[in-house]
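These notes are about the structure you will find just below.
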Amino acid sequence: MRKTLWLSTLIGLTLAAPAAAQVRLTGAGATFPNIIYQKWILTYNARFDNVEINYQSIGSGGGIRQFSDKTVDFGGTDAPMTDSAIAAIGGNVLHLPTVLGAVVPTYNLPGVAGSVRFTPALLADIFLGKVTRWNDPRVAAANPGLTLPATDVVVVHRSDGSGTTYVWVDYLSKVSEEWQRRVGRGTSVNWPVGLGGRGNEGVAATVRQTPGAIGYVELGYALITKMGVGQVQNRAGTFVTPSLESVTAAARGAMATMGPGTDFRVSITDPAGPQAYPIASFTWLLVRKEYPDPVKARELARFIWWSVTEGQVHAPDLGYAPLPGEMQPWIETRLKTVSAGGRAVWAPRPAP
Amino acid sequence: MSVRARVFRRRVRSMVLTGVVAGLCALAVLPLLFILGDLVAKGASSIDWSFFTRNPAPAGESGGGVANAIVGTGIIVGLACLIGLPIGIGAGIYLAEYGSGRLGWIVRFVADVMNGTPSIVVGIFAWTFIVKPVGRFSALAGGVALAILMLPMIARTTEEMVRLVPHSLREAALALGYPRWRTSLTVIVRTALSGIVTGCLVAVARIAGETAPLLFTALGNLNFSTSLTQPMQTLSLQIYVYATGPFDEWHRLAWAAALVLMGLVLVIALLARWVTRQRYGAS
Amino acid sequence: MLSGAGGPGEVRLAVPGPTGTPPPAAAPVIPLQGRNRADRAYQISLTALALALPLLLVVLVGELATNARPAIERFGWRFLWTSVWDPVAEVYGAAPMIFGTLASSLLALLLAVPLALGVAIFLTEFAPRWVRQPVAFLVELLAAIPSVVYGLWGIFVLIPFLRSAVVPPLKATLGWTPFLEGVFYGNSLLAGGVILAIMIVPYIAAVSREVLLAVPASQREAALGLGATRWEAVWTAVLPYGRAGIIGAIMLGLGRALGETMAVTMVIGNRHDIGISVLQPAYTMAAAIANEFSEATTNLYLSALFEVGLILFVVTVVVNALARLLVWRVARGAALGSRAL
């Protein structure tokens, strides 16, 4: 009853408004890829007049939630949906990877020359609250060449449901048994210590404004705010600087486990590989297998295809790594399964 | 101690405490001056023509503006007024004209209760009541949420303004043969109109700056949009996103947008005062 | 038509109330029993519009309660004192949020009440006429500033100011107390409390001012006539008379502080933790809802947030109701010219 009332009001208003030739798509979710998504979306909107896409970065948790509640057309997440979450929406979801990124430890230590190195155990100890000062012997042990100040360590984490968090704690759970036991994995966890910031944006901002702070953000954010970016020791024992190459190396390792039939829900944290960065991740767009509106579904598929092909060129400048080329045909196969009313909607854009 | 000495001490204490009270008053006003000063100092330099006519640029890039946010604020506030004003004023007139019974007491109590409702609670209500069933975030949902906030404010101020009209006017009109509805509408309400308008303007100024209820209803939009059935950006949402973000460009724009929003609120508030002044000036 | 009114007959003259006192009671007109269809239509349409409010309230509370049910059933009363908020283990307790809400509001009151009362007393009792309008306008302007603008100012101006100029001397002098323990990160209970204080000053001041204006001049004049100094007249005659109303004003300010969202969430640190030190980050109910609502991934999580919203709603309603009761008592007392409350 209530729904009919609102629907009729909305329909009435939509009809009353001058008919626009535009297809409007709304998405929401991860803040991790927000920098490149905004670049893609605004570029795409400017280039193709008949489509207008909107994306709001409210966190991966928000992306999953709103997508599941059908209040947005597509969701963004760096934390893949769990099997039970997928079952709860009847399996009507596709995870399509769009870009790769690194979750990096970023810190505010003015006057420290050079990059701080972190071993897995050190990262876990910091985020468990066991290391409280920057000149703690455990930090010094990993950084023999650096003089570290006696400043307090201020941990900054996410206050919203986050895929970036998921990647971070997924990694910490793999490398620290204590973390796995005490805190565990999730898009929102019970943090032992720290301040909460909203979105990658909020964590980066808080780190930037708080001397002694350390947080975890996607590489692009740390680059733009020019905060310190730490090196992390990978499974092979090398201290790796987060970079496009090391992220791509991490993805390469994962490719071996994926094939054309993959559903792309793969974690690439703590990979093997001598140069692989240990805390990297795909980020996915959540797309329904079945849409009610064929026109919108088609435009959405086109946008995603554009992002994973032409859009990839923007990635390196903004601090993300492009998808391995081998994935493109697999993604194309998936896009072709998106349907509306039982029929596939995929049709390449007509030539201008 | 002699009486004169005692009186002198009391006088001194009175002066000192008067000074303390004046000092407290000055201290209370000080943050306002700082805030306004900071808004101008940090925001004015970013305000140029392109600020008003451009839409946001991608994250981290420069050259964006708040055109979509300004229009969005206007549309959502306009929607809220469209929904909230008739109901609010109607309820207010009801309370003043027929509100001495039990139903009037209930409505008045409810209005007071709703006046104190935190705006975030209204926001989550609007999400479950409108956004989720319909299946999309929209400017309409945002407008409704703001209307819910406006309603009790307008109802109460309208009631008070209508009650202030002297009984003699009502009785004169009735004595001249006006039916009750016509007395109420064309005599009483008309006299109270400027006060009602003031109350409405004050309520509009309040909701123009609201952010919390829009977080889950209008959501926000990267693009310029006038569609009521799509998400929409407002100045308040824009300020929130930009202020909590890490980019210097965003911070700059946040200050400028805050200055614009504050200017808007100020204009409405001054308009409200001007309306009342007109009334007293004319009589 | 009034009975007997066929010409210039019995017309009762009603004296309008003086401005500044509570509005007079509703027109004591004999309600016409619907003899006129237009009258009935008018009354019915107004009633319908007015009924929208209770209807809305019922629906609002109903939605909140329905959505909060799963969490209420799961956690019961424990929800109020469990201090764990763990979305992974699906254990939710609102104690840190409730504590943070109360603590930040209390801190805000501590700071705001002296300032607001100072404003009210100064403007009603001591200020020369030419000062009253501009200062009153400035204080009102404080109420007009949107919450998100306060938050913006809080992040970029207030917190650096606290960090550099307020906390070091505070720690130097009072650092031994548990209230100032620990490192100041910036985003903290202190920042939240200070911002809230600035925001509620105008509300407390405005209502207190009205309360003080409602105090009959005779009280003040009697005191002055007995030889009191100006301050003593205010302190011994005016303030006690308006005491209940002022308490009501303070509670109204408290009601505002409890529900404030944006400015608080931007400066308070967003941490589910209970701590006595004001230098530590904290969380309030409103801030938690704002941050976590759109992304509560499970139904229980969402339900827990609805329960928090319900608690917040009930608390603010109760506080506001008490406040209005107190203010109304003073207003009514003044109108009747009666004894001090």
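Using the Cβ-Cβ distance between C:TRP81 and C:VAL314 with R0 set to 22 Å, the FRET efficiency from 1/(1 + (r/R0)^6) comes to roughly 0.85. In a DSSP loop and with at most 16 other Cβ atoms within 10 Å, there are no GluC sites (Glu not before Pro) in region C:212-276.
Sequence neighbours fewer than 8 away in the same chain don't count; with that in mind, list the aspartates and glutamates whose C-alpha is under 18 Å from C:LYS171. The qualifying aspartates and glutamates are A:ASP152, C:GLU181.
Modelled label positions at B:LEU33 and A:ASN135, each set 7 Å beyond Cα in the direction of Cβ, lie 4.3 nm from each other.
Legend: mean number of C-beta atoms from other chains within 10 angstrom of residue C-beta atoms, peptide C:115-128, equals 5. Annotation: amide H-H contacts under 5 Å for C:ASP273 (H modelled 1.01 Å from N, sequence separation of 5 or more, or interchain): C:TYR283.
Residues whose amide H falls under 5 Å from that of B:ALA57, counting only those 5 or more places apart or on a different chain, are B:GLY64, B:GLY65, with hydrogens built in the peptide plane. Per residue, the average separation of C-alpha pairs within less than 8 Å and at least 6 apart gives chain C a relative contact order of 26 percent. Peptides C:92-99, C:251-258, B:178-185, ordered by how many other C-beta atoms sit within 10 Å of their residues on average, highest first, read C:251-258, C:92-99, B:178-185. Considering only C:ALA282, B:ALA147, C:THR229, the residue lying farthest towards the positive end of the dipole of the protein assembly as shown is C:THR229, judged by Cα position with unit charges set on Cβ.
The order of A:TRP168, C:TRP85, going from fewest to most other C-beta atoms within 10 Å of their C-beta, is C:TRP85, A:TRP168.
Our coupling estimate for region C:151-164, obtained by passing each phi through the Karplus curve with A = 6.51, B = -1.76, C = 1.60 and θ = phi - 60°, is x, 4, 5, x, 5, 9, 10, 5, 5, x, 5, 4, 5, 8 Hz, Gly and Pro reported as x. A dipole drawn for the protein assembly as shown from +1 and -1 charges on Cβ atoms has a positive end, and of B:ALA269, A:VAL116, A:VAL72 the residue lying farthest that way is B:ALA269.
Other protein chain C-beta atoms within 10 Å of residue C-beta, averaged over A:71-81: 2.
Take each of the peptides C:195-203, A:22-30, average the number of other beta-carbon atoms within 10 Å over its residues, and list them starting from the highest. Let's see the in-between values first.
Details: C:195-203: 26.4, A:22-30: 24.8.
Result, highest mean Cβ count within 10 Å first: C:195-203, A:22-30.
Net charge near A:ARG252, counting Lys/Arg +1 and Asp/Glu -1 over other residues with Cβ under 15 Å of its Cβ? Intermediate results must be reported in sequence, preceding the final value.
Values: positive: A:ARG235; negative: A:GLU245, A:ASP270, A:GLU326.
After counting each charged neighbour, the total is -2.
Computed from the Cβ-Cβ distance with R0 of 60 Å, the FRET efficiency linking A:GLU310 to A:GLN180 stands at 0.90. Toward the positive end of the charge dipole of the protein assembly as shown, with +1 on the Cβ of Lys and Arg and -1 on the Cβ of Asp and Glu, the farthest Cα among C:ALA217, C:LEU117, A:ALA222 is that of C:ALA217.
Using only side-chain charges placed at the Cβ, +1 for Lys and Arg and -1 for Asp and Glu, the dipole size of region A:181-258 relative to its Cα centre rounds to 280 debye. Assign one of three labels to region A:102-252, namely rounded, prolate or oblate, based on the Cα gyration tensor with a ≥ b ≥ c the square roots of its eigenvalues; rounded applies when a/c is under 1.5, prolate when it is not and a/b is larger than b/c, and oblate otherwise. Note, shape of region A:102-252 comes out rounded. Charged side chains reduced to their Cβ positions (Lys and Arg at +1, Asp and Glu at -1) give region B:3-46 a dipole of some 660 debye around its Cα centre. Counting every other Cβ atom within 10 Å of each residue's Cβ, C:GLU210, C:GLU181, C:GLU307 order from fewest to most as C:GLU181, C:GLU210, C:GLU307. Taking a ≥ b ≥ c as the square roots of the eigenvalues of the Cα gyration tensor, an a/c ratio of 1.5 or more together with a/b no larger than b/c marks chain C as oblate. Under a 5 Å amide H cut-off, with hydrogens placed 1.01 Å from N, A:ARG198 pairs with A:SER159, A:VAL203 among residues at least 5 apart or on other chains.
Per residue, the average separation of C-alpha pairs within less than 8 Å and at least 6 apart gives chain A a relative contact order of 22 percent.
Per-residue 3J(HN,Hα) values for region B:219-232, derived from phi via the Karplus relation 6.51 cos²θ - 1.76 cosθ + 1.60 with θ = phi - 60°, read 6, x, 9, 6, 9, 6, 9, 10, 6, 6, 9, 10, x, 9 Hz in sequence order (x marks Gly and Pro).
Beta bridges assigned by DSSP with both partners in the protein assembly as shown are antiparallel in approximately 55 percent of cases.
Our analysis of the protein assembly as shown gives Rg over Rh at 1.01, with the two radii drawn from alpha carbon positions and Rh computed by the Kirkwood formula.
Spin-label model, A:ASP152 to A:GLN275: label points 7 Å out along the Cα-to-beta-carbon direction sit 4.2 nm apart. Remark: region A:102-252 carries a charge dipole of roughly 120 debye about the Cα centre, counting +1 on each Lys and Arg Cβ and -1 on each Asp and Glu Cβ.
With θ taken as phi - 60° and the Karplus curve 6.51 cos²θ - 1.76 cosθ + 1.60 applied, the whole-hertz 3J(HN,Hα) list for region A:225-232 is 7, 6, 8, x, 10, x, 9, 10 Hz, x standing for glycine and proline. The mean count of C-beta atoms from other chains within 10 Å of the C-beta of residues in A:243-253, rounded to a whole number, is 0.
Counting pairs of alpha carbon atoms under 8 Å apart in space and at least six apart in sequence, what relative contact order in percent does region A:102-252 give? List each step's numbers first, then the result.
Details: 279 pairs, mean separation 55.7, N = 151.
Result for region A:102-252 is 37 percent.
Under the shape rule built on the C-alpha gyration tensor, where the axes satisfy a ≥ b ≥ c, chain B is oblate, since a/c reaches at least 1.5 while a/b does not exceed b/c.
Could you please report the charge total around C:ALA108, scoring K, R as +1 and D, E as -1 over all other residues with beta-carbon less than 15 angstrom from its beta-carbon?
0
Readers should treat all values here as calculations from the given coordinates under stated rules, not as data from a laboratory. What you are looking at is a predicted structure, and each value in this text was computed from that prediction instead of being measured. We place every Cβ from the backbone using ideal geometry, glycine too, and count neighbours over all the protein chains shown.
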